[in-house]
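Report on the structure given below.
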Amino acid sequence: MSRFRSTVQKGKIVALENTELIKSSNKNRKSKPSIKEETSETEPSLYHIFHDPTEISVFRSDLMKWYDENKRELPWRTLATTEQDDNIRTYAVWVSEIMLQQTQVATVIDYYNRWMKRWPTVEKLAAATLEEVNQMWSGLGYYSRGRRLHEGAQKVVSELDGQMPKTTAGLLKQLPGVGRYTAGAIGSIALGQVTGAVDGNVIRVLCRVRAIGADSSSPAVTDALWRIADALVDPERPGDFNQAMMELGARVCTPKSPVCSQCPIQTHCHAFKKISMKQEMDCKRLLNKLATNPKNPVPDIENCMSAGSCNLCLSEDWDPQLGVQNYPRKPVKKAPRVEQTLTCIVEHQRAGEESEYLLTQRPSKGLLAGMWELPSVLLQADISENKYKELICDMMQKWLETPLDTHSVQFVGEVVHIFSHIHQTYIVFSVHVSDCSDREQKQKTCWLTKSALQKAAVSTGVKKIMKLYESSSKLDLKGKKRKAGPEKQSNKIKKPKDAATNVGPKQLCLSKFFSTSKTTVKSKCS
């Protein structure tokens, strides 16, 4: 009887589906593939997914055992396991996940501890000013993250009665700057929600484990990876499982030089199996065993059965030199935009007092929104270098309302600073002015001492410019003459050599640049 009812019920469902398809077809007068056809097109090959419950169980067990024995003790992990108040716990994990976006764990730890000490609850953060948030975030990079945290805290207090969302869906919908991964991470770690969390580390692990070699940012791969993550996550310890996957990708299954010998899930990894079987085949060929022992042929390398039409397989040939690093194959990144910015260090000093420097505030939207910077102007490609000093004098007229002589403007050097999408070169000049601090100060300007400037809401680029200026001043005191302007500076903005290959300049010791008065500092944006 139960089987009969089930059959009837399925028949009703199919009938309803067919009815809806007919209605839709009549309404749009367009032929659409059936539901069955759509499913078959998007269904990944069994080779690329986990379909055996026993293998899934063993995978979880192996990974969690490794994590329990090897996990790093991190402040946000400790707080997530010890804090009883779920509102504070959710807030704390939220802060850590936003800070960890595009930033290494070692860098985040100090920032996180200082942040949580100052704003231990979402209410405390909401009461802070954006200026205070930017100051706390200074040097961490990707400054819009701090602003979104602040906006999110204010929204939680004003619209949600101070209560953090209690579900993954709520986190995704109600918090600005929270995407699918961040919501999954917070939901699983802080709230025990059984959901996957797919970040860059997890993408790499899953692509190697299931031999997914297509563009990792494509919709087909993204959908497959989330399906795999949701299927694998341990329902008993979802937060720990997701952190274990991230930990594995960060410490073992790394982008370069992965340590496969230490991998706890090595037996589940298709990429590793492919290497092992390839080595076995090469070894037996070398020993001429293929010809002498036909009854025991070398097994073929395991592959996807639908490799020709599969949208998850490698679209290029397997590279033996790369090994497991064949997975994932990432698309070629767009070369960073090349920009040059003219920057002036304006110094003022009263008798017997510490020097002060003029800062201006950036717009409230866009790159480094609301941060403080040295007076600057973005250069156009058709500006010649002999116009630099004139531009600086015009800029100072705007900010100080006082005329300057171009002879008082001195060239300092250049600083290269690389953002995620911009290769920025600051062409730095300096000028000493007098009787400025007595004037009425404009709303978006301020004068700060060197020590105050280092603690203010300024970017890493500004701090490097000031370091260049300090080193240049020391050289001047030693009697070395400062150069008049950029040496052999082209009228056109030059594309850096590394931009073509999409590899940023190597980070060098600052001392290497201080051998002449014209100094160039190269650094990656943190």
Check your understanding: Which condition number in (1) closer than 28 Å to CYS313 by Cβ; (2) small (Gly, Ala, Ser); (3) out of contact with any Phe, Trp or Tyr (no Cβ under 6 Å at 6 or more places or on another chain); (4) touching a residue at least 24 places away in the same chain (Cβ under 8 Å) is the one that GLY179 fails?
Key -> (4)
Check your understanding: Just a yes or no: is a residue in region 180-193 modelled with pLDDT of 95 or more, under 30 Å from SER309 (Cβ atoms), in the same structural domain as ARG60 (by TED's automatic domain parsing) and not acidic (Asp, Glu)?
Key -> yes
**Study point:** Selection within region 357-403 - charged (D, E, K, R) and either under 15 Å from PHE429 (Cβ atoms) or in contact with a Leu (Cβ under 6 Å, 6 or more places away or on another chain) (or both)
**Key:** ARG362, GLU373, GLU385, LYS387, LYS389, GLU390, ASP394
Point to revise | Selection from region 79-91 of residues that are among the polar types (S, T, N, Q), over 17 Å from ASN242 (Cβ atoms) and either outside the structural domain of GLY187 (by TED's automatic domain parsing) or part of a helix (DSSP H, G or I) (or both) | key: THR82, ASN87
Exercise for review: Look at LYS334 and say whether it is over 30 Å from THR54 (Cα atoms) and modelled with pLDDT under 75.
Suggested key: no
Check your understanding: Which one is nearest to ASN201 (Cα to Cα) among residues in region 146-184 that are of a type in the set (S, T, N, Q) and surrounded by fewer than 16 Cβ atoms within 10 Å (Cβ to Cβ)?
Key -> THR167
Exercise for review: Tell me which of these TYR357 doesn't satisfy, since it passes every other one: (1) under 24 Å from GLU132 (Cα atoms); (2) in a helix (DSSP H, G or I); (3) of a type in the set (Phe, Trp, Tyr).
Suggested key: (2)
Check your understanding: Assuming SER188 fulfils every condition listed in (1) surrounded by fewer than 22 Cβ atoms within 10 Å (Cβ to Cβ); (2) of a type in the set (S, T, N, Q); (3) more than 19 Å from the chain's Cα centre (by Cα); (4) assigned to a helix (DSSP H, G or I) apart from one, which condition is it?
Key -> (1)
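Tell me, yes or no, whether region 289-308 has at least one residue that is assigned to a loop (DSSP other than H, G, I, E, B), at pLDDT 80 or above and surrounded by 11 or more Cβ atoms within 10 Å (Cβ to Cβ).
no
Looking at GLY461, GLY413, which one is within 13 Å of THR341 (Cα to Cα) and part of a helix (DSSP H, G or I)?
GLY461
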Review point. Just checking, which of ASP230, ASP240 is surrounded by fewer than 16 Cβ atoms within 10 Å (Cβ to Cβ) and part of a helix (DSSP H, G or I)?
Key: ASP230
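The values are calculated or read from the model by the stated rules, or taken from the named source; none is laboratory data. A quick note: this is a predicted structure, and the numbers were derived from the prediction, not measured. When we count neighbours, we look across all protein chains shown, and the Cβ atoms used for this are built from the backbone with ideal geometry, even at glycine.
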